[in-house]
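Let me begin by presenting the structure, written as structure tokens, before commenting on it.
The values are calculated or read from the model by the stated rules, or taken from the named source; none is laboratory data. Since the model is a prediction, treat every value here as computed from it, not as a measurement. With ideal geometry, Cβ positions are generated from the backbone for all residues, glycine too; neighbour counts draw on all protein chains shown.
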Amino acid sequence: MKADFVMASRSIFNGYDAKPFEGYIAVKDGRIILVGKGTLSEEDRRNTENYLDFGDKTITPAFTDVHCFFTGYAVRYAGVDLSPATTIDELFSIVVDYADSLPLDKAVLGHGLSKKLISEVNTKRLEKIFGHRPVILFAQGCETCLMNKAARVMYKFSPETCYPESYVLLLPIIMSDKNFIVPLFKRYMHMLNRMGVTNVKEMGFDDFFGFTDILEELNNKKELTLRVHFMSQPVSKPMSLEYGKTMRDRFKGEFICFSGFNQMTDGSVSDLCADLKEPYLCADTNCAQEIDWKKIADDARNADSEGFRFSLHAQGDAAISKVLDIYESCMLNLDGKLVNRHSITDLEFSDPSDLERMGKLGVIAEIYPQIQSIANRKDKLAMIDEKIGSERGKRYWNRRKMADSGVTISCGTDLPLLIDNIPESIFHAVGGFFPEGGDAFNSQNMLKCSELLKAWTYGGAYNLGIENEVGTLEEGKKADFVVFDDNLFNTPINEIRKRYVEQTYLNGKRVY
């Protein structure tokens, strides 16, 4: 067999079958030239220079994360590291020393500030030391911050509105610092490769603040170990079809592509901001925020008419239904399915009838299979009981109905909200468990292991429009695959989080 190498395992998941099989994969020049079941003949083994037998270790196609924010990840490392500070004096010593090292006209940024110190700092001290020079010190996780008046005035947000869409005016400063961004993005790629990810869809606010130039430079140097498909999410300016056309024409290669537009609709059930078909039990409202559905619909249809795909983030059952109404007014094929591959992200709380509509329309689901990892059973169930009641709560995270309705499911993390971890996602989205274990939540809504892995592999590739190249282990496709440390399918669900990625391959080359 004339192959660069052959990988064998008793647990190969090809991305579409319901069960793994014993077999082997032969690779030549970065592509799969043969996928065989059973064992390789002794003659072929002798004639294969690099024969890698992985025993019971599961081999899968490499994974695709369809909802990432590198910009949000970058903010978590912007400026000086404040995590060593345990007292207010230590904090100000670090910040002042760092500020002295910068040009006087440059804002002072920091990250990793403990929440304890945030509650203890008197902001008057910030004003006294820095005056008109903007200072923003982000907490660990960046969900809040310390900032002086000059920073509030310049960047138009506050500690109470400390989330990416609000601090968008700060992002150009962070993203334009190549000495900071380039090494950080390489670290980001390595982190994702370490988790078995070789493809991502990045959410870039507005025009991505010049980050596309950095991507292009890295690609020209052949330093990208992720295929980056990016979307424009209008935040500080209206959606620009001209920008989309420019990006679509500019990036036509393998590693950088423009993937369309992304927009938010409603918020979460816990904040009363999910748009619901029936009122909340604890408040006289169906949604505590105003949503400009007409503008969203106009943007989606305009993008659709130009051949762009659209992703809409919707969490409540009414929001999901309204998004489907919008998509039904977009271009359809003769079979009634969408011409362009539009998607809905999150789908926290849905109406089963709308999931059936998704399947008929061909709308892609972008779920967060690790979302249970940031909650606990007691508090989550109490929230559901208070906001919508346990009966409606049975429709929470209903991935089972999506699969049964023929919806193509893909997986995202909203990184840095979550960091890709496929075994952890199995624990939550297959087992239905909260981090502490115990009884499963809405086990009737969960996926099978093979279905979730298909979502991470084929589903993600389909989402990005590259399913003919990656996403499954088939002859002729690019040699992107992952080797785990053990057999995912034989590991008990309560032990699945012990499993980890041992190796990741991109185009036949090991990137982790």
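For the range 56-131, which helices (runs of 4 or more DSSP H) that fit wholly inside it have 1 or more residues that are under 33 Å from the mean Cα position of the chain (by Cα) and under 30 Å from Ile32 (Cβ atoms)? Spell out the reasoning first.
Values: elements: 70-75, 88-100, 115-120, 123-130.
Helices (runs of 4 or more DSSP H) meeting the threshold: 70-75.
Within the range 415-433, can you find the residues that are under 19 Å from Thr345 (Cβ atoms), aliphatic (A, V, I, L, M) and part of a loop (DSSP other than H, G, I, E, B)?
Scanning the range 415-433 gives Leu417, Leu418, Ile419.
Look at the range 183-222 and say how many of its residues are part of a strand (DSSP E or B) and among the small types (Gly, Ala, Ser). Full working, then the answer.
First, pick out the residues of the range 183-222 that are part of a strand (DSSP E or B): 197-205.
Checking the rest, the ones that are also among the small types (Gly, Ala, Ser) come to 204.
So the count comes out to 1.
Among (1) among the charged types (D, E, K, R); (2) on the phi > 0 side of the Ramachandran plot; (3) surrounded by 16 or more Cβ atoms within 10 Å (Cβ to Cβ), which single condition is Lys156 missing?
Of the numbered conditions (1) among the charged types (D, E, K, R); (2) on the phi > 0 side of the Ramachandran plot; (3) surrounded by 16 or more Cβ atoms within 10 Å (Cβ to Cβ), the odd one out for Lys156 is (3).
For the range 339-358, enumerate the residues that are surrounded by fewer than 21 Cβ atoms within 10 Å (Cβ to Cβ) and over 22 Å from the mean Cα position of the chain (by Cα).
Hits for the range 339-358 are Val339, Asp351, Pro352, Ser353, Glu356, Arg357.
Regarding Tyr16, is this residue outside the structural domain of Ile409 (by TED's automatic domain parsing) and surrounded by 19 or more Cβ atoms within 10 Å (Cβ to Cβ)?
Spelling it out, it is not the case that Tyr16 is outside the structural domain of Ile409 (by TED's automatic domain parsing) and surrounded by 19 or more Cβ atoms within 10 Å (Cβ to Cβ).
Determine whether the range 57-64 contains at least one residue that is at pLDDT 95 or above, on the phi < 0 side of the Ramachandran plot, surrounded by 14 or more Cβ atoms within 10 Å (Cβ to Cβ) and among the charged types (D, E, K, R). Outline the logic, then answer.
Within the range 57-64, the first condition is being at pLDDT 95 or above, and the residues that meet it are 57-64.
Filter once more, so that each one left must be on the phi < 0 side of the Ramachandran plot: 57-64.
Then keep just the ones that are surrounded by 14 or more Cβ atoms within 10 Å (Cβ to Cβ); that gives 57-64.
From what is left, the residues that are among the charged types (D, E, K, R) are 57.
Yes: the range 57-64 contains one or more residues that are at pLDDT 95 or above, on the phi < 0 side of the Ramachandran plot, surrounded by 14 or more Cβ atoms within 10 Å (Cβ to Cβ) and among the charged types (D, E, K, R).
So in the range 368-396, with the set limited to residues that are in contact with a helix residue (DSSP H, G or I) (Cβ under 6 Å, 6 or more places away or on another chain) and not polar (S, T, N, Q), which one is surrounded by the fewest Cβ atoms within 10 Å (Cβ to Cβ)?
By that ranking, first place goes to Gly393.
Kindly indicate the residue of the range 209-234 that is at positive phi and not charged (D, E, K, R) and also surrounded by the fewest Cβ atoms within 10 Å (Cβ to Cβ) among those meeting that condition.
Going residue by residue through the range 209-234, those that are at positive phi are 209-210, 222.
Filter again for not charged (D, E, K, R), leaving 209-210.
Working: Phe209: 19, Gly210: 13.
Applying the filter and picking the extreme gives Gly210.
Give me a count of the residues in the range 8-30 that are assigned to a loop (DSSP other than H, G, I, E, B) and farther than 12 Å from Ser450 by Cβ. Talk me through it step by step, then tell me what you get.
Pass one, the range 8-30, residues assigned to a loop (DSSP other than H, G, I, E, B): 13-20, 29-30.
With the extra rule that they be farther than 12 Å from Ser450 by Cβ, the set shrinks to 29-30.
Here the count works out to 2.
Count, please, the residues in the range 464-508 that happen to be within 24 Å of the chain's Cα centre (by Cα) and not in a loop (DSSP other than H, G, I, E, B).
Residues meeting the conditions: 16.
Got a sec? Which of Val135, Val121, Val182 is out of contact with any Asp or Glu (no Cβ under 6 Å at 6 or more places or on another chain), of a type in the set (A, V, I, L, M, F, W, C) and crowded, with 17+ Cβ neighbours inside 10 Å? First the steps, then the outcome.
Values: Val121 fails: crowded, with 17+ Cβ neighbours inside 10 Å; Val182 fails: crowded, with 17+ Cβ neighbours inside 10 Å.
One residue alone meets the criteria, Val135.
Would you mention how many residues in the range 273-300 are under 18 Å from Lys394 (Cα atoms) and touching a Ser or Thr at 6+ places or on another chain (Cβ under 8 Å)?
Going through the range 273-300 one residue at a time, the tally reaches 4.
Against the condition assigned by TED's automatic domain parsing to the domain that holds Val430 and closer than 14 Å to Arg400 by Cα, how does Ser350 come out, does it pass?
Values: assigned by TED's automatic domain parsing to the domain that holds Val430: yes; closer than 14 Å to Arg400 by Cα: yes.
So Ser350 passes the test.
Specify which of the listed residues (Gly389, Gly393, Gly362) is of a type in the set (Gly, Ala, Ser) and either under 22 Å from the mean Cα position of the chain (by Cα) or within 30 Å of Gly336 (Cα to Cα) (or both).
Answer to the check: Gly362.
Going by the conditions given, is Ile419 in contact with a strand residue (DSSP E or B) (Cβ under 6 Å, 6 or more places away or on another chain) and of a type outside the set (Ser, Thr, Tyr)? Steps first, please.
Values: in contact with a strand residue (DSSP E or B) (Cβ under 6 Å, 6 or more places away or on another chain): no; of a type outside the set (Ser, Thr, Tyr): yes.
When the stated conditions are applied, Ile419 does not pass them.
Name the single residue that is farthest from the chain's Cα centre (by Cα) among those in the range 132-162 being among the charged types (D, E, K, R) and not in a helix (DSSP H, G or I). Steps first, please.
Taking the range 132-162 as the starting set, the residues that turn out to be among the charged types (D, E, K, R) are 133, 143, 149, 152, 156, 160.
Cutting the leftovers down to not in a helix (DSSP H, G or I) gives us 133, 143, 156.
On the way: Arg133: 35, Glu143: 18, Lys156: 27 Å.
Only one residue tops the list, namely Arg133.
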